[in-house]
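The values are calculated or read from the model by the stated rules, or taken from the named source; none is laboratory data. Since the model is a prediction, treat every value here as computed from it, not as a measurement. Here the Cβ is made from the backbone with ideal geometry for all residues, glycine too, and neighbour counts use every protein chain on show. Remember, those area values only see protein heavy atoms, side chains included, never the ligands or the DNA or RNA. Shrake-Rupley method; radii C 1.70, N 1.55, O 1.52, S 1.80 Å.
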Amino acid sequence: MKLSLSRTLNIAVVSVYLIFLAGSVVRMTGSGMGCPDWPKCFGYYIPPTSENQITWKPDTPFKKGYVIIHDEALFVANKSLVTSSSFEPSNWTAYTKHEYAKFNVYHTYTEYVNRLASVLSGLVFLILLWKVTFATEKKKGVAPLVYIAFLGMLFEAWLGKIVVDSFLTPYVITFHMIGGLLIVSLLLRAKFLCSETILKSNYNKDFHRLLVVSLIMMIGQILLGTQVRQYVDDQVKLFGFEHKEFRLLNPTFKFYFHRSFTIAIIVVNAFLFWVNRKYNLGFKGIKYVMFLLGFEAVSGILMYYVNFPFGTQAVHLLTGAVLFGVLLYMIFKSNAIKRESN
């Protein structure tokens, strides 16, 4: 089946959200350094399956670029070689970008799947680039948005390298996530511009203003969430990944504000739901917003009161990103209806 530009954009948006999901699973499982180098993993295109493969030992072949663990440090092979009876420093270059030198097969393959998700998304973007450049169907304003989104993906790939090289510096991870949201914004705008759906909704000034307020609040909540996540990361470094009960031990004011701010967001969107229904505005997206907010609240409650059950972090992060997208798309729609009604 031939994919239309609109459907390709849909797939591109989903592919970016899959990266969000894969990245959140990496964070949830503590697998961020599962591959200590980038873009390869211990110098392999397909990661090793046992520590024995990357541990220096005599009479063992290693290819140029392979990364090994020796004396609790990482070394990179300068050339393809077969080791002698003793370690020869001239054959190896110390890996100095960070000092993390551990191997956990589960962490390695979790991070590897995250990278595969990025590769898959990259392939989707290449198809999208071809469509907006050479396909016969043209929509005004779509091509520049896709080009900028593609450049954003390249920047995000580079930033992914910086995340690993900086040993998961929190603010770099935050920029990485914000970049992903900006790419989603560009794709959704392009999707809206090439949509052939007739706008079967009505414009309401108060509803539109509340939509904008809700989106701003959601952006603020996501940024607050990144601050809470940084606190959780610090606790993990302090107490260890396995001690989940300490991740929100004595949290800062930012956490309590983040938790309470959720109530304000729910109230605003409940009012949006009511206005949409009262005036029969026809914005179906608000139903999804209320459903997603429920998911977001429940996952947050579980993380705090039940010590981060498996999957809750991933659900929490992905739900917030999807909420951002749904609200933004409704604003695009409301703006278009306003222009048509004038």
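If you go through region 104-136 and keep only what is open to solvent by 80 Å² or more (accessible area, probe 1.4 Å), touching a residue at least 12 places away in the same chain (Cβ under 8 Å) and farther than 30 Å from residue 51 by Cβ, you end up with just 127. Restricting attention to region 127-170 and to residues that are hydroxyl-bearing (Ser, Thr, Tyr) and at pLDDT 85 or above, the residue that is nearest to the chain's Cα centre (by Cα) turns out to be 147. Counting only helices (runs of 4 or more DSSP H) wholly contained in region 252-342, the ones carrying 3 or more residues that are out of contact with any strand residue (DSSP E or B) (no Cβ under 7 Å at 6 or more places or on another chain), touching a residue at least 40 places away in the same chain (Cβ under 8 Å) and β-branched (Val, Ile, Thr) occupy 253-278, 312-341. Contact annotation: residue pairs with Cβ atoms under 6 Å, 6 or more positions apart or on different chains, pairing a residue in region 63-87 that is on the phi > 0 side of the Ramachandran plot with a partner that is open to solvent by less than 40 Å² (accessible area, probe 1.4 Å), are 65/43; 72/101.
Being over 18 Å from residue 176 (Cα atoms) and without any contact (Cβ under 8 Å) to a residue 40 or more places away in the chain is the filter here, so list the residues in region 4-35 that pass it. Correct list: 7 only. Screening residue 251 with (1) more than 26 Å from residue 19 (Cβ to Cβ); (2) open to solvent by less than 50 Å² (accessible area, probe 1.4 Å); (3) of a type outside the set (Val, Ile, Thr); (4) in contact with a helix residue (DSSP H, G or I) (Cβ under 6 Å, 6 or more places away or on another chain) gives one miss only, at (4). With respect to (1) within 24 Å of residue 313 (Cβ to Cβ); (2) part of a helix (DSSP H, G or I), the lone exception for residue 248 is condition (2).
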